[in-house]
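Visitor: After the structure tokens below, expect a handful of questions from me.
Computed from the coordinates by the stated procedures, all read-outs in this text should not be read as laboratory data. Just so it is clear, the structure is predicted and the values come from calculations on it, not from any experiment. Cβ: placed from backbone, ideal geometry, glycine included. Neighbour counts: every protein chain shown.
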Amino acid sequence: MKHTVSLKENHLFRRLYSKGKSAAAPTVAVYVRPNRLAKSRLGVTVGTKVGKAVRRNRVRRRIREIYRVHENRMCSGFDMVVVARVRSAHAPYAEIERDLLRLLDKLGVYQKKGEGHC
């Protein structure tokens with residue numbers, strides 16, 4: 001990931017949940033907040049309701065890969081948390097990708113082709 005680092009501290013996750021903008025889809029929910037840094041920070045949360053460890057890790061890898069592939073069109077300087085919902089465990093990759101990109105676009109982090117930069 002070029003301009004993104006992992007978000008790992010619990011207090012940063014809690015701050016995003018309480019003060020960040022959010023949007024939800026059937027497969028994922030996204031929380032976003034500007035961080036005043038040159039880099040973005042990405043956190044991925046997959047609860048135990050999604051399944052056992054193998055399934056949770058698979059969903060986590062899919063979300064990280066979707067972000068990595070589309071990172072060149074993401075605005076930098078944001079903290080983002082992607083929360084996988086139960087439906088993401090059985091959803092195809094394309095559905096998770098569509099939902100995630102639509103939510104990031106709605107929150108003003110993702111720039112579609114032909115649009116200006118952040």
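Visitor: Enumerate the amide H contacts of ASP79 below 5 Å, restricted to partners 5 or more residues apart or on another chain; note that Pro and chain-start residues carry no placed amide H.
Guide: Those qualifying (amide H under 5 Å, at least 5 residues apart or on another chain) are ARG33, ASN35, ARG41.
Visitor: Still on this structure: Can you tell me the 0 to 90 degree angle between the C-alpha axis of helix 10-19 and the longest principal axis of the chain, rounded to 10?
Guide: Helix 10-19 sits roughly 70 degrees off the main axis of the chain.
Visitor: Could you put THR27, THR45 in order, starting from the residue whose Cβ has the fewest other Cβ atoms within 10 Å? Each step should come with its number before you reach the end.
Guide: Values: THR27 24, THR45 18.
Going from least to most buried by this count: THR45, THR27.
Visitor: Shifting gears a bit: When we measure straight from the Cα of LYS106, which aspartates and glutamates land under 15 angstrom away, once same-chain ones fewer than 8 places off are left out?
Guide: Counting by Cα, and skipping residues close in sequence, LYS106 has these aspartates and glutamates nearby: GLU97, GLU115.
Visitor: Might you report the magnitude of the Cβ-based charge dipole of the stretch 7-70 about its Cα centre, with Lys and Arg at +1 and Asp and Glu at -1, to the nearest 20 debye?
Guide: 140 debye
Visitor: Run lengths n ≥ 4 of DSSP H only: what is the helix-derived mean residue ellipticity at 222 nm for the chain, with -39500 (n - 2.57) per run over all residues, to the nearest 500? Before the final figure, lay out the partial values.
Guide: On the way: 3 runs with 42 residues, N = 118.
Theoretical 222 nm ellipticity from helices: -11500 deg cm²/dmol.
Visitor: Sticking with this structure for a sec: Within the stretch 14-118, what percent of beta bridges assigned by DSSP are antiparallel, to the nearest 5? Each step should come with its number before you reach the end.
Guide: Values: 12 of 18 bridges.
Given both bridge residues lie in the stretch 14-118, the antiparallel proportion sits at roughly 65 percent.
Visitor: To the nearest 20 debye, what charge dipole does the chain have about its Cα centre, counting +1 at the Cβ of each Lys and Arg and -1 at the Cβ of each Asp and Glu? Write down the numbers at each step before the final one.
Guide: On the way: 28 positive and 9 negative charges, 74 e Å.
In total the dipole reaches around 360 debye.
Visitor: Tell me which of GLY77, TYR93, THR48 sits at the most positive position along the dipole axis of the stretch 39-111, charges placed on C-beta atoms (Lys, Arg +1; Asp, Glu -1).
Guide: Sorting the options by dipole projection puts first THR48.
Visitor: Now, a different point. Hey, what did the chain get for relative contact order, percent, Cα under 8 Å, at least 6 apart?
Guide: Working: 198 pairs, mean separation 40.3, N = 118.
About 34 percent, as a whole number.
Visitor: Something else: Which cross-chain or sequence-distant (5 or more) residues have an amide H under 5 Å from the amide H of THR45, H modelled 1.01 Å from N in plane?
Guide: Amide H neighbours of THR45: VAL82, VAL83, ALA84.
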